[in-house]
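Just below is one structure, and these are the notes that go with it.
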Amino acid sequence: MAEVRESIRTVLDERCTSLAVHAFIDGKASVDQDLRELAKDLGWLAISLPEAHGGIGLGANGLAVLNYELGRAAAPGSIIATSVALETLARSEVSADPAIAELIVSIVEGTTSLAIATSFNTPHADGAIRLIGDASANVALIPGEGDDLLLADLSNAVADQVVIWDETRSILSLPSSSMKALAVLRGSRPVLFALYAIAIAADSAGAARGTLDRTIAYMKQREQFGRLIGSFQALKHRLADHQVNAKGCDELVWQAAEQFDNGAKGALMWSLMAKANVTDAALRIAGDCVQLHGGVGFTREYDPHLFLKRAWLNEALLAPNGALRDKAASAFGEALKNGHEVLEIA
């Protein structure tokens with residue numbers, strides 16, 4: 001796993017620099033498309049995929065590593081949507097269908113792009129479905145009845161681009177009536193919830209680490225009153241707290257991923273708690289890193305606002321954190337009632 005992480009990080013450090021991300025936001029670079037090509041060429045989407053579908057089989061841990069590094073670089077694009085939807089699709093019963101198996105191959109090879117619903121709980125008043133994904137997305141995973149999911153064809157749907165605060169990613173709005181159901185993934189919602197929560201938590205933990213590392217580097221260069229601001233005791237204490245919280249975020253992500261891959265009874269509970277707690281912590285870290293940069297932290301020319309906006313979007317995805325904690329508490333109570341031990345640290 002360490003080698004996989006290092007290879008992804010090396011590529012992103014070279015191809016997804018701060019300058020490249022800012023150029024993308026300014027409309028001067030197609031970093032999102034470049035990363036899609038890299039994901040295809042380097043097999044990033046196959047990292048978590050089961051071996052039966054030509055993947056490496058690293059499961060939720062592989063999914064977490066990929067999205068952690070993408071978050072750490074504030075990488076533009078919607079690989080998070082494709083990676084989660086693809087893994088959910090591959091784990092469903094419909095993956096045995098030849099047409100779906102062929103679709104999975106086309107997604108890994110980069111000829112098809114997947115989108116995924118931003119939320120699986122509250123429908124929008126206008127009847128539209130919001131998706132996170134590229135405008136070129138061909139298919140999407142959307143809510144079905146009960147615990148079912150729908151694999152929807154977007155080829156004849158006209159999507160409106162939603163203006164959002166996170167300029168590194170794309171949200172689409174489509175009328176549900178314009179989508180054609182290709183398949184029903186029966187009972188797959190709990191799997192999707194767990195994988196989606198892990199991916200969001202991983203991206204958020206990576207973003208917290210990315211903004212914290214860049215803030216520390218900045219404070220080692222910026223002088224005030226003739227001293228490096230990184231030498232001020234009060235600021236050191238704040239950074240120390242953030243380092244502890246960022247490490248806690250990392251551990252919670254890996255705990256959730258490990259529980260999921262082990263098929264533990266508490267896998268869903270850990271995944272939901274990871275999303276809720278890590279996105280909250282990432283928001284606090286990113287917000288204070290803006291402050292630690294001083295006035296320039298609020299400007300577009302510096303990185304903290306990129307990570308803060310990313311953390312805001314991550315918090316809003318899937319479901320409100322309060323609702324996820326309620327769902328996790330219910331899962332915990334159900335486990336206790338059935339005599340299962342779900343609090344063991346992996």
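Things worth noting here:
- Scanning segment 44-53 for residues that are part of a loop (DSSP other than H, G, I, E, B) and either buried (at least 24 other Cβ atoms within 10 Å of the Cβ) or β-branched (Val, Ile, Thr) (or both) returns Ile47, Ser48, Leu49.
Here is a yes/no grid of residues against (1) more than 25 Å from Met1 (Cα to Cα); (2) not small (Gly, Ala, Ser):
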{"site": "Tyr196", "(1), (2)": "no, yes"}
{"site": "Ser204", "(1), (2)": "no, no"}
{"site": "Leu212", "(1), (2)": "no, yes"}
{"site": "Gln224", "(1), (2)": "yes, yes"}
{"site": "Ser231", "(1), (2)": "yes, no"}
{"site": "Val244", "(1), (2)": "no, yes"}
{"site": "Cys249", "(1), (2)": "no, yes"}
{"site": "Val253", "(1), (2)": "no, yes"}
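- Residues (without any contact (Cβ under 8 Å) to a residue 12 or more places away in the chain and closer than 19 Å to Ser48 by Cβ) located in segment 250-284: Gly263
- In segment 93-133, residue surrounded by the fewest Cβ atoms within 10 Å (Cβ to Cβ) [restricted to those that are part of a loop (DSSP other than H, G, I, E, B), modelled with pLDDT of 90 or more and within 22 Å of the chain's Cα centre (by Cα)]: Thr118
- When Lys236, Lys220 are screened for being under 22 Å from Arg9 (Cβ atoms) and exposed (fewer than 15 other Cβ atoms within 10 Å of the Cβ), only Lys220 passes.
- Of all the numbered requirements in (1) open to solvent by 20 Å² or more (accessible area, probe 1.4 Å); (2) outside any helix (DSSP H, G or I); (3) over 24 Å from Phe260 (Cα atoms), Ile56 misses one, and that requirement is (3).
- Selected residue (criterion: nearest to Arg284 (Cα to Cα)) from residues of segment 223-233 that are part of a strand (DSSP E or B) and open to solvent by 80 Å² or more (accessible area, probe 1.4 Å): Glu223
- Figure legend. Inter-residue proximity from segment 323-346: first residues within 18 Å of Glu258 (Cβ to Cβ), second residues open to solvent by 70 Å² or more (accessible area, probe 1.4 Å), beta-carbon distance below 6 Å, spacing 6+ or different chains. Indicated pairs: Ala335/Lys265; His340/Lys265; Val342/Lys265.
- Breaking point among (1) of a type outside the set (Phe, Trp, Tyr); (2) modelled with pLDDT under 95; (3) part of a loop (DSSP other than H, G, I, E, B), for Ala75: (2)
- Residues satisfying the stated conditions in segment 292-346, i.e. more than 23 Å from Leu192 (Cα to Cα), part of a helix (DSSP H, G or I) and open to solvent by less than 80 Å² (accessible area, probe 1.4 Å): Leu292, Gly294, Gly295, Val296, Gly297, Pro304, His305, Leu306, Phe307, Leu308, Lys309
- Residues that are open to solvent by less than 10 Å² (accessible area, probe 1.4 Å), polar (S, T, N, Q) and closer than 20 Å to Asp303 by Cβ, drawn from segment 239-290: Thr279
- Scanning segment 134-163 for residues that are open to solvent by 40 Å² or more (accessible area, probe 1.4 Å) and within 25 Å of Phe307 (Cβ to Cβ), we see that the one that is modelled with the lowest pLDDT is Ala135.
The values are calculated or read from the model by the stated rules, or taken from the named source; none is laboratory data. Note that this is a predicted model, so its numbers are computed, not measured. When we count neighbours, we look across all protein chains shown, and the Cβ atoms used for this are built from the backbone with ideal geometry, even at glycine. Remember, those area values only see protein heavy atoms, side chains included, never the ligands or the DNA or RNA. Shrake-Rupley method; radii C 1.70, N 1.55, O 1.52, S 1.80 Å.
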